[in-house]
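Sharing a structure, written as structure tokens. Questions coming.
The values are calculated or read from the model by the stated rules, or taken from the named source; none is laboratory data. Owing to the predicted nature of the structure, the values given are computational and were not obtained by experimental measurement. Glycine also receives a Cβ, built like all others from the backbone with ideal geometry; neighbour counts cover every protein chain displayed.
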Amino acid sequence: MEKKIPFSTYAIIGTMLFGLFFGAGNLIFPIQLGQMAGTNFWPALSGFLVTAVGLPLMGILAIALSGSSGLRDLAGRVHPLFGLTFSVALYLTIGPFFAIPRTATVPFEVGFQPFISSTNIGLWLGIFSFIYFAIVYYFSLNSAKIMDYIGKYLTPTFLGFLFILVIVTLVQPMGSFQEPIGDYSSLAFMTGFTEGYNTMDALGSLALGIVVIHAIKQQGITDTKMIASATWKSGMFAMGLMMLIYGLITYMGASSVAAVGTFSNGGQIFAAVAQNYFGAFGAILLAIIIVLACLKTSIGLIMACSEFFHSIVPKVSYKSFVFWLCAVSFGVANFGLTNIIQFALPVLMFLYPLAIVLIFLGLFSSLFAHKRSVYSGAVVLTLFVSIIDGYSALTESLPGTEVASLESIRVLYMDYLPFYGIGLGWILPALIGAFLGYFWPGRNRSTETYVPVEN
């Protein structure tokens, strides 16, 4: 019989989990949401919390409760080829193509770029990102110490600096909430819901869930039920902390308009708020907050991606993947934040419906005996919608990329597919696919499982 797990263990693992998720994007998106939502603060925040907090928690639990050994195993219940393809696409998205490079460009543009001549921005971005990824590379080499690096040191330090700014905002409010802007006027909840996609946390939860389970096992917890319980309690601790901070940051944005005005992105809003309260010192405080937020997330993502790709190509060592992932991320980061966000959105709109459906399938997998046809039916029909979602986002980001046949399908979806206009057109196809799959004759899922290589 295993000994009772002390609360301190849940707190450390939960703090580590919070640190893995909460990066710069988690700072800049809610503060901008607050400014735009204004008096519709509560419905917008509620929608944001569903996708930015609720889905990541369910993603972690889906890995723990489904009995899968990782994302590839869970996605492989659709088909082994889909499991590999989807996993690679997701790890590249939260890894070297988008999320990791963003962790370098956000602190540079928010904390350092305002003090640099526009003619030298490219040079200084290269220098900053090189130093940044050299630090990430050093701390990522030993994955066994991830709880020490992120749970015990980086995250508490980051929270300490962040709460300095948050507490001052609460004690000395900048002003009252303004009228909502754009879609926040009539669709505040759903606009906040889709805004939560930008954090990439639901995608990250599928990849980082196994990291959390490994961290729990390193505490001497091996019983399956105990692991699930520890995952749930640690996840609740982390997500409760995230909800609190999201609420405070969103309030900061909603109350800031009268004092600092409106800005095109959350990083500029944060900079203006910090300067409003602390003057020149505010820039230093903000730089510390942003760098710590990004550094801890980047280390966690490099570790998770390196372990995943090492499990696929075991002949290439974990340390080699750490190096090459840092190198690729460094190269992508130097394209700049604007380009990274522009190309990330279509990929996110394509992957998110598939990820959400996999999360729910994983959570309720035992109810349908892990039947492969349920996974296949739900995901295949969702795929028909997510392709058009990604295409629509691409045409908005890059005008002139329209394709006549895909435009016809998009119009068809808009006219006949329920909830498509609010970004939830995948719900009905997923339910129909799962229903058909449940009654589809055939055997349960294959006994083949994916076993990740531990480092």
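Out of the residues in region 299-313 that are under 19 Å from the mean Cα position of the chain (by Cα) and of a type in the set (Val, Ile, Thr), which is farthest from Phe139 (Cα to Cα)?
Ile302
Per-residue answers, yes or no, for (1) within 18 Å of Val347 (Cβ to Cβ); (2) free of Cβ contacts under 8 Å to residues at least 40 places away in the same chain; (3) not hydrophobic (A, V, I, L, M, F, W, C); (4) not in a helix (DSSP H, G or I):
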residue: Leu383; (1), (2), (3), (4): yes, yes, no, no
residue: Ile387; (1), (2), (3), (4): yes, yes, no, no
residue: Gly390; (1), (2), (3), (4): yes, no, yes, no
residue: Thr395; (1), (2), (3), (4): yes, yes, yes, no
residue: Thr401; (1), (2), (3), (4): yes, yes, yes, yes
residue: Arg410; (1), (2), (3), (4): yes, yes, yes, no
residue: Pro418; (1), (2), (3), (4): no, yes, yes, yes
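Considering only residues that are touching a residue at least 40 places away in the same chain (Cβ under 8 Å) and either farther than 25 Å from Leu286 by Cα or touching a His at 6+ places or on another chain (Cβ under 9 Å) (or both), which ones fall in region 18-43?
Once the filter is applied, which keeps residues that are touching a residue at least 40 places away in the same chain (Cβ under 8 Å) and either farther than 25 Å from Leu286 by Cα or touching a His at 6+ places or on another chain (Cβ under 9 Å) (or both), region 18-43 yields Thr39, Asn40, Pro43.
Just for region 161-182: of the residues that are over 23 Å from the mean Cα position of the chain (by Cα) and part of a helix (DSSP H, G or I), which one is surrounded by the fewest Cβ atoms within 10 Å (Cβ to Cβ)?
Looking at residues that are over 23 Å from the mean Cα position of the chain (by Cα) and part of a helix (DSSP H, G or I), I get Val171.
Given Arg72, Arg77, which one is modelled with pLDDT of 85 or more, in contact with a helix residue (DSSP H, G or I) (Cβ under 7 Å, 6 or more places away or on another chain), in a helix (DSSP H, G or I) and among the charged types (D, E, K, R)?
When all the criteria are applied, what remains is Arg72.
Looking at Val106, Val136, Val110, Val78, which is the one that is among the β-branched types (Val, Ile, Thr), in contact (Cβ under 8 Å) with a residue 40 or more places away in the chain and in contact with a Lys or Arg (Cβ under 9 Å, 6 or more places away or on another chain)?
Answer to the check: Val78.
Sticking with this one: Taking the residues in region 403-426 that are over 16 Å from Val357 (Cβ atoms) and among the aliphatic types (A, V, I, L, M) as candidates, determine which candidate is surrounded by the fewest Cβ atoms within 10 Å (Cβ to Cβ).
Ala404
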